[in-house]
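Each remark here refers to the structure printed beneath this line.
The values are calculated or read from the model by the stated rules, or taken from the named source; none is laboratory data. Small disclaimer: the values here were computed from a predicted structure and weren't measured. Reconstructed Cβ throughout: ideal geometry from the backbone, glycine too, with neighbour counts over all protein chains shown. Note: accessible area is taken over every heavy atom of the protein model, side chains too, but ligands, DNA and RNA are not part of it. Shrake-Rupley method; radii C 1.70, N 1.55, O 1.52, S 1.80 Å.
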Amino acid sequence: MILPTDQPVTTADKTFIQLRQDIVEGIIRPSSKLSETELSTKYAVSRAVIREAINRLESCHLVERKANVGARVVALTQDGLEELYQVREALEGMAARLAAVHMTEAEISDLNSLLSTHFKTVQSGETYYQEAGDLDFHYRIILGSKNTQLISMLVDSLYHLIRMYRVQLGMAGPRVTTAFDEHRHIVQAISNRDAELAEMLMRRHILYTKQNSQKTLLSHINSQTRM
């Protein structure tokens, strides 16, 4: 999914967006070393294009460079998850508070319509996967805050790292329906223009999601240790 700010213009843009998506969705695994030669072959572009894409991915916090190692995809770690979700809880809680004040009636109506489409997904109880951008409940609320500094931090800087954790440690089982219900209650608070309640519910939702993701990540780490 391409965000509105991501409309590809050049081959470099297209490669960056594709590479970013492959990292977020785990096609390129966490901690993987990024070889310019191998990637240039895989994506059928020059090494210079790959080099530029890797530099841009570093600014998205999806890639890190280490001495004597080179560029690697960031690892999914318990400490990384804890720190990222602490930031999410604070900033997205504030985004929900501001959205309750600043979203238009039309935007709130669209948010309710989005949840209606999500309900069809969660009815199976198997997963609650959301595409990036306008099909993402959290993205809509962040934009609805109308705070440019907040949007810059959550969308321009951290959005795809957050999605990497969300997609690869996705919800399953009972958490699918409870997460959807939490979304529904957040939208209701925003619809009622109850800013304080909207923030509280969003912070609680992200806390519960963090706890679920921690269990999933620990299970992945334990399974890899046993291999």
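General remarks:
- Computed accessible area, residue 194, all protein chains, 1.4 angstrom probe, square angstrom: 60
- Ordered from largest to smallest accessible area (heavy atoms of protein chains, 1.4 Å probe), the residues 219, 40, 191 come out as 219, 191, 40.
- Dipole of the stretch 78-225, positive end: most advanced residue of 118, 212, 165 [Cβ charges, Cα centre]: 212
- Accessible-area composition of the chain, carbon plus sulfur, in percent [1.4 Å probe]: 52
- Dipole-positive endmost among 202, 39, 55 within the chain (Cβ charges, Cα centre): 39
- Correct option for percent of Cα pairs over 31 Å apart [calculated from the coordinates] among [x] 44; [y] 25; [z] 29: [y]
- Note, ³J(HN,Hα) from phi for the stretch 106-114, Karplus 6.51, -1.76, 1.60, rounded to Hz, x at Gly and Pro: 5, 5, 5, 4, 5, 5, 5, 5, 4
- Aspartates and glutamates with Cα under 17 Å of residue 66, excluding same-chain neighbours fewer than 8 positions away: 36, 58
- Ranked order, 59, 145 - accessible area, probe 1.4 Å, largest first: 59, 145
- For the chain, the dipole from Cβ point charges (+1 on Lys and Arg, -1 on Asp and Glu) about the Cα centre works out to 680 debye, to the nearest 20.
- Solvent-accessible ranking of 9, 24, largest area first, probe 1.4 Å: 9, 24
- Relative contact order for the stretch 78-225: 40 percent, from Cα pairs under 8 Å spaced at least 6 residues apart, divided by residue count.
- The HN-Hα couplings worked out from phi for the stretch 214-219 by the Karplus form 6.51 cos²θ - 1.76 cosθ + 1.60 (θ = phi - 60°) are 4, 5, 5, 5, 4, 5 Hz, whole numbers, x standing for Gly and Pro.
- Per residue value of the accessible surface for the stretch 31-100 (all protein chains in place, 1.4 Å probe), Å²: 50
- Listed residues 64, 38, 182, most fluctuating in the chain (Gaussian network, C-alpha, under 10 Å): 38
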